[in-house]
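> One structure coming up, written as C-alpha cells, with questions to follow.
The values are calculated or read from the model by the stated rules, or taken from the named source; none is laboratory data. Worth saying up front: this structure is predicted, and the values here are computed from it rather than measured. A quick note on method: Cβ atoms are made from the backbone with ideal geometry, for glycine too, and the neighbour counts reach across all protein chains shown.
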4 protein chains.
Amino acid sequence: MTDLEVVRFDPRPEQMRYAFGGGRPVLRVRPGTVIELTTEDCFGGKVREVTDLPSRVCVFPELNPVTGPIHVEGAQPGDLLAVHFIDIRPRRDWAVSSTFPHFGALTATHTTAMLHPPLDEVVWRYDVDVEAGVVRYHARRGDLSVEMPLDPMHGTVGVAPAGGEVVMSITPSAHGGNMDTPELRAGTTLYLPVNVAGGQLAIGDGHCRQGEGEVCGTAVEAAMDTVIVVDVIPGAASGWPRLQNDEYLMTTGSARPLEDAFRISQHDLVVWTAELLGLDPLDALQLVSQTGLAPAANVVDTNYTMVAKLPVTMLGAAQPYDGVHARLRATGRRYLDEAGLRPIGRG
Amino acid sequence: MTDLEVVRFDPRPEQMRYAFGGGRPVLRVRPGTVIELTTEDCFGGKVREVTDLPSRVCVFPELNPVTGPIHVEGAQPGDLLAVHFIDIRPRRDWAVSSTFPHFGALTATHTTAMLHPPLDEVVWRYDVDVEAGVVRYHARRGDLSVEMPLDPMHGTVGVAPAGGEVVMSITPSAHGGNMDTPELRAGTTLYLPVNVAGGQLAIGDGHCRQGEGEVCGTAVEAAMDTVIVVDVIPGAASGWPRLQNDEYLMTTGSARPLEDAFRISQHDLVVWTAELLGLDPLDALQLVSQTGLAPAANVVDTNYTMVAKLPVTMLGAAQPYDGVHARLRATGRRYLDEAGLRPIGRG
Amino acid sequence: MTDLEVVRFDPRPEQMRYAFGGGRPVLRVRPGTVIELTTEDCFGGKVREVTDLPSRVCVFPELNPVTGPIHVEGAQPGDLLAVHFIDIRPRRDWAVSSTFPHFGALTATHTTAMLHPPLDEVVWRYDVDVEAGVVRYHARRGDLSVEMPLDPMHGTVGVAPAGGEVVMSITPSAHGGNMDTPELRAGTTLYLPVNVAGGQLAIGDGHCRQGEGEVCGTAVEAAMDTVIVVDVIPGAASGWPRLQNDEYLMTTGSARPLEDAFRISQHDLVVWTAELLGLDPLDALQLVSQTGLAPAANVVDTNYTMVAKLPVTMLGAAQPYDGVHARLRATGRRYLDEAGLRPIGRG
Amino acid sequence: MTDLEVVRFDPRPEQMRYAFGGGRPVLRVRPGTVIELTTEDCFGGKVREVTDLPSRVCVFPELNPVTGPIHVEGAQPGDLLAVHFIDIRPRRDWAVSSTFPHFGALTATHTTAMLHPPLDEVVWRYDVDVEAGVVRYHARRGDLSVEMPLDPMHGTVGVAPAGGEVVMSITPSAHGGNMDTPELRAGTTLYLPVNVAGGQLAIGDGHCRQGEGEVCGTAVEAAMDTVIVVDVIPGAASGWPRLQNDEYLMTTGSARPLEDAFRISQHDLVVWTAELLGLDPLDALQLVSQTGLAPAANVVDTNYTMVAKLPVTMLGAAQPYDGVHARLRATGRRYLDEAGLRPIGRG
C-alpha cells in the first residue's frame, strides 16, 4: 500500500470478547487507518458439522465473539465514529446455520414465554464458493440443494455503550451491536455514536448472507477476513447507528416491540433528512413517507432491528458529514486495487 | 379485444362502499374476465387543494371508498380468488397526501394514546406526470421540489371477511383490505381466501407511489383507472393474502404488534415454500431465513402489515397454483398490447 | 315488583347472535327498565363433559353467543348507555373451562404465528355450588381438587360498533364486546358509547369466576340468569367503555400490543379524573399515577384488554354522570330485596 | 437485639452506585443477617422543590442511585437469594414526583419515538406523615389537595446480572432491578437468582406509594430507612424474580412488549405452581387462569414489568423453599418488636 496506513489484527482465541463495553483495547489506531482483521463466527467456530449442536458445543456466555475493542485515537464522547467496510471475505469454504432451542422469530422464546417444548435443533452446513460468488444450501430432511448469492456482511458491529454499561454482544441497541442487517456489507459506511474515549469499536458475527428478519435466528455464519477504514467526525454524534452506501442513507432502530424499532429508525431518518435538506420536520416526514424503504433487519435478537432507507437521489447535492462516505469509499477502492482484490457479493 | 371478455364498471359516488362484507355486488363476472374499473382516492376526491384539510372535508365513516363488491361466479368458501393487476393508471394530473390528527407512525394515536396534542394537519399536492413517469413533491414550508418515480399501486384490495363480519375499508386483515403495500402494483397477482359465495372483491385507495411503512399515514393518493383479471382456484384457500410477481412469491400478515404481522407473513412463506418444494418445515424455514426479504407495508393502519418475499429463483420449476400467475400475466400483456397501453411504473 | 318496570327475555337457541352490530333487536325497553335475561356459555352449552372438545363440538362462527341486541329507546349516537348489573347467577351446577388449539396467552396463536404444534386441548369441568359460594376445580391429570370463590361476571357485553361494522362477539373494542374483565360483576355499572339508535346492547359469556388475564383462554364458563337495569345519559359518549362500582372508577382499553390497551385505559382515566375534579391533565396524570390500579383483563382475545382503576375516595364529592351509578345501584338493591335474592360473589 | 445479627450501612454519596453488576461490594454479610440501610431517592435527593426540574438537576448517568452491592457469603451461581423486607420507612417529611421529558407511559419516548415535543416537566412535592400513615398530594395547577395512604416500597432491588453484564439501575430484567412494583413492600420476600459469587445485592428507589403502571414515570419518591434480612437457598435459582407475602405467591416478568412481560410472569407462575402442587403444567395453567391476579408494575421503564399473583390459599400445605418466607417473616417481626417499630403502610 502506497501511503495508506494499514494495520492488521488477528485475535487469538483467548482475546475474543463477548460484550460491548468494559474491555481493554486490543488495538489503537489513528483516524484514517485501514484495519485488516479476522473475525470468528457466532458459534466461536465450534459448529463445524451438522452434528455439532450449538446448545451443546457453545457455552454461555461465550457466544457471538467479537474482535476488538479497537481504540480510535481522538474519538471523544459526542463525536461520531465512521466505520467503512472495504471488504468482507469468508475465511473457510463452509459456513453453518442452525435453529437454537427457544430462539428465533417463529418459536416460543425465553421472553415470548410459552408452554411449548422447543422446536428441533438442526444445523445446516453450507458450501461457500467465493470464486463463483455463491453459497450452497442442502436440506437436512430431503435432497434439495440450492445456490444462493454470496453477499457477505457483519451482524455485529458496535462501540462501548453509554453510561458505563457492559452489554452482551448478542444485543443490538444505540451503541450498535448485533443489529443483524444485511445492509452492513462492503461498500457501506456505518456511523456510531462515541460514548467513551476511543469509541472502542468491535466487530464480529460475519454472515455469508442473511435474509431480512433472520427468521430462524441465525444466518449463514462464517469466520471472515474483513477490512475497514475508520474516521472520526467531531461533535456529530446522533442517537442511533446510521449507515450510508452509494445508493441509500440508512438509519436503524433496535427495540421491542418491532414498531418501536420502526419508529426509532423512521424518526431518525426524518430528522436526518430535515437537517440535510433544510426542511421542516413535517415536510421531511412527507418526503420519507413516499420514498423510504423499511426492511426488517432481525426479529429474533434481544432487541429487534429495523432499517429505514432513503434514496440518495432525494438529497440533491447534500452530503452527510461533509462527504466522509465518498472519501472512505475512495480509500476502500484504492485498497482493493492495490491489494488486487475483487469485490464479492454486492459490495 | 379479440376473445378477452372485458367488462367495465365506473361507480357513481353513491355506489361507493366503505367496508368489506355485507354489501350487494355491483357487478358479477365469470372467472377469466378482464375488469376495467375506476377508483376514487382515499379522501373520496374531497381533498383537492392544500387548504382542504381531511379532518374537515371528510366525514366518518365515509373514508377510503372502495369500488365493488364484485361477485366472481363460482367462487365458494374454501376457494382462492386470484386477482391479477394489469394496469393502474392515475386519472388526474394531481394527487395529494396529508398528515391527519392522531394518525400515523410518528404520532400519538387513538390506540397509542398519549397526552400530546395532535401534530399539525398538513396537505401536500403532487403533480402527476404519467408520460414522464414521475410525481413531483413540493415542500409546504420551504421551496424544495423533488421528482419521485411514478409507481402506481392499490392500498386497499379485499373480499368479504369470514364469520359474517363487516369491516371498515381502512382495516387490513386476513380478508385483505387496507394492506397498503407498494408490492400491489401492476404485474402482480393477489391471492385472497374466499369466505362467502362470489368472494365479493372490492378495490380502492390507489397510490401514485408509497414508501414502505406509509409513515405519515397516507401515500401519494390518487383516483385510478385500473384493469384487473380474476380467476378462481378451487379449494386452495390459504389463511392470509399472498402475492406473486415475476420475481417474488410474497405473503402478508396484518396484525399488531408489528412482530405478529411479521410472524404471520414469515410463517405463511415457510409453509408455502415447504409445500411447493416438498420440504420439511424446518428446511423451509432455513431457506426462507437466508433468502427472504421482509419489508414493512404499513405501520399506521388499524392493523400493521408486513410482507415476506422469496425470490422465485429459489423455487426451481415449482409454480404455485398450476401457474395461474403466468397465465394471468399473459392475459394482462395481451390486454395492454391490444389496448395500446404502455406499462407505467415498474408494472 | 312494586313500581319497577321489569321485562324478561329468554332467547331460544336460534335467537342467539354471535356478533355486535347488524342484527335486529330482540327486545325494546325504556331507560330505567330492569331486564331479566338468560345467557348461554361461550361454548353454546355444547361442552358438557371433559370429552367434549371445543374444537370438535363448536362450529365457527357460532362461538360465544350473546343475548340481544336490546334496543334502549331514546338512545342516540353520542349518548352514553349505562348498564348496571344487579345479579349474575349460574344456571347450572356445573361449569367448564378448556384450552383450545392455538388460543391463549402461553401458546402460539394464529397471529403470534409459530411452527409449534398446538398444546393439548383439555376440558375441565367445575362443580358450581351457589349456596356455598364456591366452584370446585378438579385436576385432569392428577387428583387435586380445590375450591375457589364463586365470583360471577360477564365476559362479553357491548353495543353495535360505530361505522356500520359487524364484529364477532369474541372481539373487545371501543364498543365493549369480549373484554373479559372480572370487574364486570354484579354491583357494577358499565358505560358504553351509543353508536346507533337504541344502542343495541347484547350480553353473554358468563363466568363463574376468572383470573386476571384469562391466561389459558377461557374462564369458568357458565350459562347465567342475569338481571340488569339500563339508563341513557344524553350526549355523554366517551370513546371507550367505562365502569363504576362502589369503590372504583374504572376505564378500559382493548388493543394490541398490551401497552396500547394500557395506554388507552390510563389515558381515559386521566381525562375522566381531570373532568371530574376540574384538574389540569398533568395534575390528573399525577393523581392517577400514584393511586391507580392496573389489572389485566384478558391477554388472549383478538384484542387484549387492560383496566385502569381509581379509588372513589380520590374524588371527594364528585360523582360521574350526576350519580347514575348510585341510582341504579339503589334500584338493583330494591330489586334484589323484593325478589328475595341474596347477592353472590362480591356483587 | 438479642441474638439477631444486625449490621448497618449508610452509604456516603460517593459510594452510591447507578448500575447492577461490576462494582465492588460495600458490605459482606452472612445469610440470616439483618441489614439496616439507607437509600437515597431516584433523583439522588436533588429534587427538593417544585422548581428543581429533574432534567436540569440530575446528570446522566447518575440517576436512580442504589445502595450496595452487598455480598452475601456463600451465595453461588445457581443459588437463590431471599431478601425479606422488614421495614421501609421514609427518612424525610417530604417526597417528590415528576414528569420527565420523553419518559412515561402517555408520552412519546426515545424508543416510542414520535415527532411531538415533550410534555411539560412538572414536579409535585408531597407531604409525608408517617404517624398518620398518609402522603398529601397538592395539584400544581389548581387548589386540590388529597391524602393518599402511605404504602412504602422499593422500586429497585437486584443482583449482578448474568454473563458479566453491567446494567444501569433504571432497567428491570431477570436480575431484578427497577421493577417498580408496589408489591415490594415490607412483609414481602423477594427471590433473586444468584449469577455471581455473593449475589451482589443492591437496593434503591424507595417510593412512599405508587400506582400500578407508574404511568407518569415516577412514584412518590423518597429516601428510606430500610431493614432487610437475607438468606440463601442453594441450587434453587429460577429464571426471574419471584415474591411472596402472607397472601400471595408472585412472579414477575420484565420485557417489551407488555404482553411478553405478562407471558414471562404467567409462565413462571404456572411452572412454580406445577412444582409446588405436583401438577401437570396444563392443570397448573388452568388453576392459575382462574385464580391469578395480573397487575401491571411499571409500563414506563426500559423494560415493562408485570406481576402474576396466586393466592396462597390455592397451595394447601405446600410452602416454597421449605418455608423460608415464614422464617424470615418471623425474624422480621422479632426485629420490629425488639426495635419497638410499628409497621407502616400495609407491611
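> More than 26 Å from A:ARG263 (Cα to Cα), surrounded by fewer than 23 Cβ atoms within 10 Å (Cβ to Cβ), touching a residue at least 60 places away in the same chain (Cβ under 8 Å) and facing another protein chain (nearest Cβ under 9 Å): is that true of B:GLY239 in this structure?
On the way: more than 26 Å from A:ARG263 (Cα to Cα): yes; surrounded by fewer than 23 Cβ atoms within 10 Å (Cβ to Cβ): yes; touching a residue at least 60 places away in the same chain (Cβ under 8 Å): yes; facing another protein chain (nearest Cβ under 9 Å): yes.
Taking the combined requirement at face value, the residue satisfies it.
> Can I ask one more? Give me a count of the residues in the stretch D:272-296 that are within 23 Å of the chain's Cα centre (by Cα) and either assigned to a loop (DSSP other than H, G, I, E, B) or within 9 Å of another protein chain (Cβ to nearest Cβ) (or both).
In the first step, residues of the stretch D:272-296 are kept if they are within 23 Å of the chain's Cα centre (by Cα); the result is D:272-273, D:292-296.
Okay, now just the ones that are also either assigned to a loop (DSSP other than H, G, I, E, B) or within 9 Å of another protein chain (Cβ to nearest Cβ) (or both), so D:292-296.
Residues flagged as within 23 Å of the chain's Cα centre (by Cα) and either assigned to a loop (DSSP other than H, G, I, E, B) or within 9 Å of another protein chain (Cβ to nearest Cβ) (or both) within the stretch D:272-296 amount to 5.
> Checking the condition among the acidic types (Asp, Glu) and touching a helix residue (DSSP H, G or I) at 6+ places or on another chain (Cβ under 9 Å), which residue from B:GLU121, B:GLU131 passes? It would help to see each step written out before you state the result.
On the way: B:GLU131 fails: touching a helix residue (DSSP H, G or I) at 6+ places or on another chain (Cβ under 9 Å).
Answer to the selection: B:GLU121.
> Just give me the residues in the stretch C:210-236 being assigned to a loop (DSSP other than H, G, I, E, B) and surrounded by 23 or more Cβ atoms within 10 Å (Cβ to Cβ), in sequence order.
Within the stretch C:210-236, C:GLN210, C:GLY211, C:GLU212, C:GLU214, C:VAL215, C:CYS216, C:GLY217, C:THR218, C:ALA219, C:VAL220, C:ALA222 qualify.
Okay, residues lined up against (1) at the interface with another protein chain (Cβ under 10 Å from one of its Cβ atoms); (2) of a type in the set (Asp, Glu); (3) farther than 19 Å from D:SER289 by Cβ; (4) in contact with a Lys or Arg (Cβ under 8 Å, 6 or more places away or on another chain):
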site	(1), (2), (3), (4)
C:VAL166	yes, no, yes, no
C:GLY177	no, no, yes, no
C:ASP180	no, yes, no, no
C:GLY211	yes, no, no, no
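> Then there is this: For A:ALA105, state whether it is among the small types (Gly, Ala, Ser), more than 21 Å from A:GLY44 (Cβ to Cβ) and free of Cβ contacts under 8 Å to residues at least 12 places away in the same chain.
Details: among the small types (Gly, Ala, Ser): yes; more than 21 Å from A:GLY44 (Cβ to Cβ): yes; free of Cβ contacts under 8 Å to residues at least 12 places away in the same chain: no.
Considered against the rule, which asks whether it is among the small types (Gly, Ala, Ser), more than 21 Å from A:GLY44 (Cβ to Cβ) and free of Cβ contacts under 8 Å to residues at least 12 places away in the same chain, A:ALA105 comes out as no.
> Only one of (1) under 21 Å from A:SER97 (Cα atoms); (2) more than 9 Å from chain A (Cβ to nearest Cβ); (3) touching a Gly at 6+ places or on another chain (Cβ under 9 Å) fails for B:ILE264. Which number is that?
All conditions are met except number (1).
> Within the group A:THR302, A:THR291, A:THR331, A:THR313, which residue is surrounded by fewer than 16 Cβ atoms within 10 Å (Cβ to Cβ) and among the β-branched types (Val, Ile, Thr)? Talk me through it step by step, then tell me what you get.
Working: A:THR302 fails: surrounded by fewer than 16 Cβ atoms within 10 Å (Cβ to Cβ); A:THR291 fails: surrounded by fewer than 16 Cβ atoms within 10 Å (Cβ to Cβ); A:THR331 fails: surrounded by fewer than 16 Cβ atoms within 10 Å (Cβ to Cβ).
The unique qualifying residue is A:THR313.
> Filter the stretch B:267-303 down to residues that are farther than 30 Å from B:MET168 by Cβ, in contact (Cβ under 8 Å) with a residue 24 or more places away in the chain and β-branched (Val, Ile, Thr), then give me how many there are.
Step one: filter the stretch B:267-303 for residues farther than 30 Å from B:MET168 by Cβ, giving B:270, B:273-292.
Filter once more, so that each one left must be in contact (Cβ under 8 Å) with a residue 24 or more places away in the chain: B:273, B:276-277, B:287, B:292.
Okay, now just the ones that are also β-branched (Val, Ile, Thr), so B:273.
So the answer is 1.
> Next up: Considering only residues of the stretch A:59-111 that are within 14 Å of another protein chain (Cβ to nearest Cβ), hydrophobic (A, V, I, L, M, F, W, C) and not in a loop (DSSP other than H, G, I, E, B), which is nearest to the chain's Cα centre (by Cα)?
Top of the filtered list is A:VAL66.
> Inspect the stretch B:240-256 for any residue being among the hydroxyl-bearing types (Ser, Thr, Tyr) and more than 18 Å from B:GLY155 (Cα to Cα) and give the result as yes or no. Talk me through it step by step, then tell me what you get.
Within the stretch B:240-256, the first condition is being among the hydroxyl-bearing types (Ser, Thr, Tyr), and the residues that meet it are B:248, B:251-252, B:254.
Then keep just the ones that are more than 18 Å from B:GLY155 (Cα to Cα); that gives B:248.
The answer is yes, given that some residue of the stretch B:240-256 is among the hydroxyl-bearing types (Ser, Thr, Tyr) and more than 18 Å from B:GLY155 (Cα to Cα).
> Follow-up. In the stretch A:23-30, is there at least one residue being at pLDDT below 95 and out of contact with any His (no Cβ under 7 Å at 6 or more places or on another chain)? It would help to see each step written out before you state the result.
Taking the stretch A:23-30 and keeping what is at pLDDT below 95, we get A:23.
Right, trim to out of contact with any His (no Cβ under 7 Å at 6 or more places or on another chain) and you get A:23.
Looking for residues that are at pLDDT below 95 and out of contact with any His (no Cβ under 7 Å at 6 or more places or on another chain), one finds at least one in the stretch A:23-30, hence yes.
> Search the stretch B:164-191 for residues that are within 16 Å of B:ALA237 (Cβ to Cβ) and part of a loop (DSSP other than H, G, I, E, B) and pair each with any residue that is of a type in the set (Val, Ile, Thr) and modelled with pLDDT of 95 or more when their beta-carbon atoms are under 6 Å apart and the residues are at least 6 apart or on different chains.
Close Cβ pairs satisfying both conditions: B:HIS175/B:VAL159.
> So, one more: For B:CYS58, only one of the following conditions fails: (1) touching a residue at least 60 places away in the same chain (Cβ under 8 Å); (2) surrounded by 15 or more Cβ atoms within 10 Å (Cβ to Cβ). What is its number?
(1)
> Looking at the stretch B:328-347, is at least one residue modelled with pLDDT of 95 or more, within 23 Å of B:GLY253 (Cβ to Cβ) and in a helix (DSSP H, G or I)?
No, the stretch B:328-347 contains no residue that is modelled with pLDDT of 95 or more, within 23 Å of B:GLY253 (Cβ to Cβ) and in a helix (DSSP H, G or I).
> Go through the stretch B:17-32 and give me each residue that's closer than 26 Å to B:VAL166 by Cβ and not in a strand (DSSP E or B). Don't jump to the end; show me each part of the working.
Of all residues in the stretch B:17-32, those closer than 26 Å to B:VAL166 by Cβ come to B:17-29, B:31.
Matches in the stretch B:17-32: B:TYR18, B:GLY21, B:GLY22, B:GLY23, B:ARG24, B:PRO25, B:VAL26, B:PRO31.
> Looking at the stretch D:122-136, which of its residues are surrounded by fewer than 23 Cβ atoms within 10 Å (Cβ to Cβ) and not in a loop (DSSP other than H, G, I, E, B)? Even if it seems obvious, please write down each step before you answer.
The initial filter retains those residues of the stretch D:122-136 that are surrounded by fewer than 23 Cβ atoms within 10 Å (Cβ to Cβ), namely D:122-123, D:125, D:127-134, D:136.
Residues satisfying the conditions are D:VAL123, D:ARG125, D:ASP127, D:VAL128, D:ASP129, D:VAL134, D:ARG136.
> Go through the stretch A:36-73 and report how many residues are out of contact with any Pro (no Cβ under 6 Å at 6 or more places or on another chain), farther than 23 Å from A:ARG141 by Cβ and of a type in the set (Ser, Thr, Tyr).
Within the stretch A:36-73, residues that are out of contact with any Pro (no Cβ under 6 Å at 6 or more places or on another chain), farther than 23 Å from A:ARG141 by Cβ and of a type in the set (Ser, Thr, Tyr) number 2.
> Go through the stretch B:303-316 and give me each residue that's more than 9 Å from chain A (Cβ to nearest Cβ) and within 15 Å of the chain's Cα centre (by Cα).
Passing the criteria: B:ASN303, B:THR305, B:VAL307.
> Further, regarding this structure: Going through the stretch C:255-271 one residue at a time, which ones are surrounded by fewer than 24 Cβ atoms within 10 Å (Cβ to Cβ) and not acidic (Asp, Glu)?
C:VAL271 - this is the single residue of the stretch C:255-271 that is surrounded by fewer than 24 Cβ atoms within 10 Å (Cβ to Cβ) and not acidic (Asp, Glu).
> Let me ask another. For the subset of the stretch A:192-208 comprising residues that are part of a loop (DSSP other than H, G, I, E, B) and buried (at least 24 other Cβ atoms within 10 Å of the Cβ), which member is farthest from the other protein chains (Cβ to nearest Cβ)?
Just the residues of the stretch A:192-208 that are part of a loop (DSSP other than H, G, I, E, B), to begin with: A:194-198, A:208.
So of that shortlist, the ones also buried (at least 24 other Cβ atoms within 10 Å of the Cβ) come out as A:194-195, A:208.
Values: A:VAL194: 15, A:ASN195: 10, A:CYS208: 9 Å.
Among residues in the stretch A:192-208 that are part of a loop (DSSP other than H, G, I, E, B) and buried (at least 24 other Cβ atoms within 10 Å of the Cβ), the one farthest from the other protein chains (Cβ to nearest Cβ) is A:VAL194.
> Can you name the residue in the stretch D:41-55 that is part of a loop (DSSP other than H, G, I, E, B) and in contact with a strand residue (DSSP E or B) (Cβ under 7 Å, 6 or more places away or on another chain) and, of all such residues, is surrounded by the fewest Cβ atoms within 10 Å (Cβ to Cβ)? Break it down stepwise before answering.
Quick first cut of the stretch D:41-55, residues part of a loop (DSSP other than H, G, I, E, B) only: D:41-53.
If we keep only those that are in contact with a strand residue (DSSP E or B) (Cβ under 7 Å, 6 or more places away or on another chain) too, we end up with D:41-43, D:47, D:49-50, D:52-53.
Values: D:ASP41: 29, D:CYS42: 31, D:PHE43: 25, D:VAL47: 24, D:GLU49: 10, D:VAL50: 14, D:ASP52: 16, D:LEU53: 16.
Taking the candidates together, the pick is D:GLU49.
> Pick from the stretch C:112-121 the residues that are buried (at least 21 other Cβ atoms within 10 Å of the Cβ) and free of Cβ contacts under 8 Å to residues at least 12 places away in the same chain: which of them is nearest to the chain's Cα centre (by Cα)?
First, pick out the residues of the stretch C:112-121 that are buried (at least 21 other Cβ atoms within 10 Å of the Cβ): C:112-115, C:119.
When the remaining residues are screened for being free of Cβ contacts under 8 Å to residues at least 12 places away in the same chain, the result is C:112-115.
Working: C:THR112: 25, C:ALA113: 28, C:MET114: 30, C:LEU115: 33 Å.
Taking the candidates together, the pick is C:THR112.
> Please go through the stretch A:181-219 and pick out each residue that is within 14 Å of the chain's Cα centre (by Cα), more than 26 Å from A:TYR335 (Cα to Cα) and of a type in the set (Val, Ile, Thr).
The answer is A:THR218, and nothing else.
> Any idea how many residues of the stretch B:122-161 are under 23 Å from the mean Cα position of the chain (by Cα) and facing another protein chain (nearest Cβ under 7 Å)? Full working, then the answer.
Step one: filter the stretch B:122-161 for residues under 23 Å from the mean Cα position of the chain (by Cα), giving B:123-130, B:133-137, B:148-161.
From the residues that got through so far, the ones that are facing another protein chain (nearest Cβ under 7 Å) too are B:124, B:137, B:148.
Residues meeting the conditions: 3.
> Answer yes if at least one residue in the stretch D:133-151 is closer than 25 Å to D:THR67 by Cβ and either charged (D, E, K, R) or modelled with pLDDT under 95 (or both), and no otherwise.
For the stretch D:133-151, residues closer than 25 Å to D:THR67 by Cβ and either charged (D, E, K, R) or modelled with pLDDT under 95 (or both): present.
> Mind counting the residues in the stretch A:247-261 that are more than 9 Å from every other protein chain (Cβ to nearest Cβ) and outside any strand (DSSP E or B)?
Number of matching residues: 1.
> Looking at (1) without any contact (Cβ under 8 Å) to a residue 40 or more places away in the chain; (2) outside any helix (DSSP H, G or I), which is the only condition C:GLU14 fails?
(2)
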